[in-house]
Protein chains: 2
Amino acid sequence: MERSLEIIFELIEEKKYALVREELLENNEADIAEIIEEINDELGTEKSVILFRMLPKDISAVVFAYLSSDCQVDIVSGITVKEVQNIMEEMSFDDMIDVLEELPANVVDRILMRTDKETRKLINQFLNYPESSAGSLMTIDYIGLKKEMKVRDALQYIKIHGMDQETVYTCYVMDGERHLQGIVSLRTLVVSESYELVKDLMHEDFISVNVMDDQEEVAQLFKKYDFLALPVVDKENRLVGIITFDDIMDVIEEETTEDFERMAGVMDDSDKEYLDISVMKHIKNRVPWLCLLTVSLMITGAIIARFELLLSQAIALVAYMPLLMGTGGNTGTQSATLIIRGMSLGEIELKDVGKVLWKEFRISAVIGIVLAVINFGKIMLIDGETMLVALTVSISILIVVVFAKLIGGLLPMAAKKMKIDPALMATPMISSITDMVSVVIYLILATMIMGITL
Amino acid sequence: MERSLEIIFELIEEKKYALVREELLENNEADIAEIIEEINDELGTEKSVILFRMLPKDISAVVFAYLSSDCQVDIVSGITVKEVQNIMEEMSFDDMIDVLEELPANVVDRILMRTDKETRKLINQFLNYPESSAGSLMTIDYIGLKKEMKVRDALQYIKIHGMDQETVYTCYVMDGERHLQGIVSLRTLVVSESYELVKDLMHEDFISVNVMDDQEEVAQLFKKYDFLALPVVDKENRLVGIITFDDIMDVIEEETTEDFERMAGVMDDSDKEYLDISVMKHIKNRVPWLCLLTVSLMITGAIIARFELLLSQAIALVAYMPLLMGTGGNTGTQSATLIIRGMSLGEIELKDVGKVLWKEFRISAVIGIVLAVINFGKIMLIDGETMLVALTVSISILIVVVFAKLIGGLLPMAAKKMKIDPALMATPMISSITDMVSVVIYLILATMIMGITL
């Protein structure tokens with residue numbers, strides 16, 4: 001692909017477009033899409049539209065589906081509405097919905113004007129499903145069979161309709177009212193005798209999801225059962241669509257990226273790649289949390305300011321403040337991250353809160369003692385401070401570690417309980433809280449142990 | 001499932017095992033496995049083995065494959081070698097390899113003793129592929145066809161052999177020496193006429209991977225092309241196995257979890273769930289990085305100690321130290337996380353280092369100025385400190401933010417260049433470095449601006 005891209009760049013420069021087309025079609029659809037994206041980024045929309053228009057009609061729809069939504073919008077702006085519509089007709093239904101969701105409203109309206117009433121109604125219905133619902137992910141391109149069909153008839157039906165469907169490997173058996181009665185795999189049909197009846201081969205204990213179910217629940221089901229596709233039904237158990245594994249892989253990737261970002265205090269509402277996001281948007285994504293965290297750090301500062309007298313009388317204490325705050329942040333981060341990830345994989349549930357806290361308590365006690373002993377020794381032997389200073393720091397460390405690990409375990413679970421995304425309770429939040437608490441613990445302990453009054 | 005589990009708990013207590021069996025078999029294989037896991041955790045291996053032995057032979061193999069490796073080892077220790085072997089025979093080849101990898105060596109030897117020489121050789125070969133190579137993921141259960149076959153013959157072949165294979169939806173066309181010549185989907189076979197030849201229907205521009213390729217590369221291919229399965233070939237382009245999408249979904253999940261853990265300074269070499277890991281193991285996973293970080297925090301402390309005279313003369317400066325260190329950590333974390341995630345998704349490559357740093361520089365300059373202005377105002381107006389203090393803090397913040405974002409962008413890429421996992425260059429590492437640097441910048445700046453000599 002890389003090589004092909006270079007050649008195409010050169011050929012475009014030399015304006016040898018017939019050769020460009022030849023070279024372009026040497027690649028498969030996913031790679032053609034990547035080449036067009038590169039051309040769009042490097043040479044502008046005008047050139048990428050020229051390339052796109054070179055593609056045969058059937059290929060262009062597949063390539064279009066592979067493009068990023070940004071590039072799709074660029075291409076659409078450069079071609080006629082008629083051309084857009086041709087692409088739409090070739091695309092699978094769920095890809096078409098994805099595209100329509102991203103396009104500007106006036107373009108969508110113009111496309112819908114030209115489609116027949118039935119399709120228009122269906123498209124409007126799909127565009128109205130909540131953004132992360134099963135309904136928004138599903139496609140209507142599936143194979144529907146009848147109970148009374150023989151294997152022979154079913155295979156004949158698939159032979160005729162199979163090429164237009166998202167998948168033919170799982171087929172759905174419905175009654176006259178579209179109630180889902182069973183599912184049967186193409187594998188079962190192919191290995192069975194031609195006179196057998198679909199109703200004797202289908203599974204009736206299938207798993208289905210509701211149109212309004214959240215995509216995260218759907219993803220969990222795919223991971224648990226290794227499905228190729230999952231049927232989506234409405235309230236009356238009527239089949240309205242199917243979700244295929246490739247769409248779910250995209251969902252899992254997006255949800256994971258969102259977790260990573262939120263855990264770092266970045267609020268990105270797009271699913272663009274890092275390099276495609278403008279500097280201004282990057283700043284908007286990052287500033288809100290930083291400001292919030294700044295307020296918390298100001299409070300920590302204010303606490304310290306209240307102890308200025310103590311600190312000026314025992315300036316040696318200042319040198320150990322980063323140790324305490326840092327250790328609190330680091331130990332709390334470990335716990336919070338493991339709990340957040342465990343919850344998003346469904347390994348840890350809210351009812352496990354007792355187990356989690358008891359586990360973190362024992363872990364933190366041991367780690368706290370280890371770190372306290374190391375620091376006690378180091379402060380006495382290497383720093384040559386008094387035993388009172390060493391004692392103050394070590395006891396503070398022990399308390400801070402236990403506190404940080406408990407809060408790191410508890411906060412994500414509390415967030416989930418309150419329907420807030422647990423990923424928000426990661427490093428920045430945890431370390432802000434532990435910063436504050438560790439400073440308070442340290443300075444109060446210092447006042448007590450070192451016998452200095454405020 | 002939850003309901004079923006409760007009933008089974010009660011029935012076991014009442015020793016009504018015939019009813020337990022009945023209730024158990026009401027569930028599908030994945031759920032039966034989950035029930036047995038719960039019983040194993042709550043009531044011990046003895047009870048879970050009893051339940052497992054209740055299962056019909058064909059179901060027990062599938063259930064066994066769904067169990068966690070811990071539970072598999074528990075079950076194996078409670079049943080006879082003959083029983084283990086029966087399960088192995090029913091399992092798909094790649095699941096069997098997965099199980100054998102986890103079992104104690106003496107059990108594996110006893111199982112291998114009873115298998116025929118050919119299988120034993122194959123198993124040994126598979127057990128020897130590097131842990132995260134394509135070879136370790138693949139299965140040998142696939143449909144192989146010949147070029148000259150008619151569609152009719154191919155479908156007949158699949159009808160006979162289809163049930164024993166991992167997938168029948170992608171079929172592989174080979175010559176006499178097992179060289180891979182093309183692939184053809186079952187969909188294509190089903191929609192084609194029975195007299196057509198496989199060689200006219202197969203794709204020859206297929207994508208394959210080598211046995212020694214890393215699983216992360218394989219996962220990228222699956223994500224890019226939405227494959228159901230991918231052929232694995234050896235150096236001579238002979239087909240040695242296939243990898244299916246469900247195995248890749250597991251790989252992606254494991255790799256992502258590893259990223260999350262490493263980014264929090266947790267070094268977990270198992271793929272067990274949080275609640276299944278012992279307290280001792282949790283401690284071992286977490287202590288090494290904490291100790292390393294403690295050393296770095298000690299150095300930060302030592303730097304501060306060198307400035308004790310300055311600090312005792314201007315104690316107000318101490319209260320702003322958490323602000324500087326915290327802001328450095330938070331801003332650096334944002335950048336590092338985005339870069340690490342971008343690289344693991346293949347969105348950011350090493351050649352983009354210039355673009356990344358330039359982007360981060362512009363972002364950090366704006367964010368730095370915003371935070372500097374906010375803090376300057378707050379220090380002057382609310383804290384009522386001198387302008388010299390406000391100036392020292394604000395200029396330090398600007399420098400620290402720019403430095404933190406650049407190092408947060410650079411370090412993960414440098415790690416990748418040096419073949420170190422970029423995930424290690426996340427929060428703990430970044431905040432340790434920014435802590436140190438921000439203290440140095442702050443205190444040197446204070447010395448300069450406030451005109452106090454050391």
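Any read-out appearing in this document is the output of simple, stated calculations on the displayed coordinates, not a laboratory observation. Everything quoted here is computed from the prediction, not taken from an experiment. Here the Cβ is made from the backbone with ideal geometry for all residues, glycine too, and neighbour counts use every protein chain on show.
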Exposure proxy ranking, count of Cβ atoms within 10 Å, fewest first, for B:251, B:393: B:251, B:393
Cα gyration tensor shape for region A:274-449, rounded if a/c is under 1.5, else prolate or oblate: oblate
Label point 7 Å beyond Cα along the C-beta direction, distances from residue A:128 to other copies (nm, shortest first): 6.4
Sorted by Cβ neighbour density within 10 Å, fewest at the top, the residues B:173, B:400, B:437: B:437, B:173, B:400
Nonlocal amide H pairs with residue A:240, under 5 Å, H built at 1.01 Å: A:232, A:233, A:234
Antiparallel content of DSSP bridges confined to region B:144-244, in %, to 5: 75
Region A:2-128 - percent relative contact order, Cα under 8 Å, separation 6 or more: 19
Other-copy label distances relative to residue B:9, 7 angstrom Cα-Cβ extension, nm: 6.3
Rounded, prolate or oblate (a/c below 1.5 giving rounded, otherwise prolate when a/b exceeds b/c) for region A:1-149 by Cα gyration tensor: prolate
DSSP beta bridge pairing in the protein assembly as shown, given as percent antiparallel to the nearest 5: 80
Inter-copy spacing of residue B:160 label points, which lie 7 Å from Cα along Cα→Cβ, given in nm from shortest upward: 3.2
Calculated from backbone phi, Karplus (6.51, -1.76, 1.60) coupling profile of region A:125-135 in Hz, x at Gly/Pro: 4, 5, 5, 8, 5, x, 3, 10, 8, 4, x
Amide hydrogen neighbours beyond the local backbone of residue A:181, cut-off 5 Å, H modeled: A:173, A:174, A:175
For region B:269-409, size of Cβ-based charge dipole, Lys and Arg +1, Asp and Glu -1, in debye: 160
Taking B:129, A:442 and counting other C-beta atoms within 10 Å, the order from fewest to most: B:129, A:442
Other protein chain Cβ atoms within 10 Å, averaged over every residue that makes up B:295-303: 6
Number of partner chain Cβ atoms within 10 Å, mean per residue of B:256-266: 6
Under Karplus coefficients 6.51, -1.76 and 1.60, residue-wise ³J(HN,Hα) of region B:170-180 in Hz, glycine/proline x: 10, 10, 10, 9, 10, 8, x, 8, 6, 6, 6
Other protein chain Cβ atoms within 10 Å, averaged over every residue that makes up A:274-280: 6
On Cα atoms only, tilt of A:427-449 relative to the major axis of chain A in degrees: 10
Relative contact order (percent, whole number), region A:144-244, Cα cutoff 8 Å, 6+ residue spacing: 27
Cα centre as origin, Lys/Arg/Asp/Glu Cβ charges: region B:2-128 dipole, Debye: 880
Cut-off 20 Å (backbone N to label point 7 Å along Cα→Cβ of residue A:345), residues of region A:230-266: A:248-264
Karplus 3J(HN,Hα) series, Hz, for region A:209-218 with 6.51 cos²θ - 1.76 cosθ + 1.60 (x for Gly, Pro): 10, 8, 3, 8, 4, 6, 4, 5, 5, 4
Cα lying deepest toward the dipole's positive end in region B:274-449, options B:302, B:314, B:280, charges on Cβ: B:280
Global form of region A:275-374, assessed from the alpha-carbon gyration tensor, a/c cut-off 1.5: oblate
Angle between chain B longest axis and helix B:29-43 axis [Cα atoms, degrees, rounded to 10]: 60
Student exercise, chain B dipole from Lys, Arg, Asp, Glu Cβ charges, in Debye to nearest 20: 2200
Between 0 and 90°, nearest 10: helix A:69-78 axis offset from chain A longest Cα axis: 40
Nonlocal amide H pairs with residue A:170, under 5 Å, H built at 1.01 Å: A:186
Structure-based [θ]222 nm, chain B - -39500 (n - 2.57) summed over DSSP H runs of at least 4, per residue, nearest 500: -21000 deg cm²/dmol
